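Quick notes on the structure that follows.
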Amino acid sequence: MIYELRTYWAAEGKLEALNTRFRDVTLAVFAKYDMQVVGFWTPEQPTEETGDLVYILAFESKDAMKNAWKAFIADPDWVNGKAASEVNGKLVTKLTSVVMEATDYSPLK
C-alpha cells in the first residue's frame, strides 16, 4: 500500500467552496476509481506553510495511483463539477503532493 499526502492552499475567501466541492463532487469521483480516503484535515491555525486543507489517499501501488489520477482528471463528473465550482474564480492557488510508503513499524501498512 502507498499513501499520497495532498495539501491545498485555498484562494482568498474560497476555503468553504473548496470544502463543498470535495463533499459534493470529489469524494464520489474518488470512490469510482478506488481512491481510498484515509482522512481530511484542516490545520488548527492555517499558515503559509501548512496550507488550508490536507488529506491522505491510499492506493494498492504506484501504478494504481497513476491510473486512478489519470481516470479522475478525465471523469466528466469531475470536469463538470470543477468547472461549476470555479464560475467565480479558481478555488486553489497551490497544491502539493507527497507519495509515502509506510515504515515497517507503522500501524498502517
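Points worth noting:
- Largest to smallest in accessible area, the residues LYS14, LYS70 fall in the order LYS70, LYS14 (1.4 Å probe, all protein chains included).
- Working from Cα pairs under 8 Å separated by at least six residues, relative contact order for the stretch 4-87 is 38 percent.
- Between THR20 and ASP104, the FRET efficiency from the beta-carbon distance, with R0 = 41 Å, is close to 0.55.
- Within the stretch 27-109, GluC sites (Glu not before Pro) in DSSP loop having at most 12 other beta-carbon neighbours inside 10 Å: GLU44, GLU48, GLU49, GLU60
- C-alpha long axis of helix 62-74 to longest principal axis of the chain, angle in °: 20 degrees
- Ranking by accessible area, most exposed first, for LYS82, LYS94 with a 1.4 Å probe: LYS94, LYS82
- Fraction of accessible area attributable to carbon and sulfur, the chain (%, probe 1.4 Å): 55 percent
- The stretch 1-84 - convex hull of the alpha-carbon atoms, volume per residue in Å³: 97 Å³
- The angle between the Cα long axis of helix 76-85 and the longest principal axis of the Cα atoms of the chain comes to about 40 degrees, rounded to the nearest 10.
The values are calculated or read from the model by the stated rules, or taken from the named source; none is laboratory data. Here the structure is a predicted model, which is why all the values come from computation and not from measurement. Because the Cβ atoms are built from the backbone with ideal geometry, glycine has one as well, and the counts that use them run over all protein chains shown. Remember, those area values only see protein heavy atoms, side chains included, never the ligands or the DNA or RNA. Shrake-Rupley method; radii C 1.70, N 1.55, O 1.52, S 1.80 Å.
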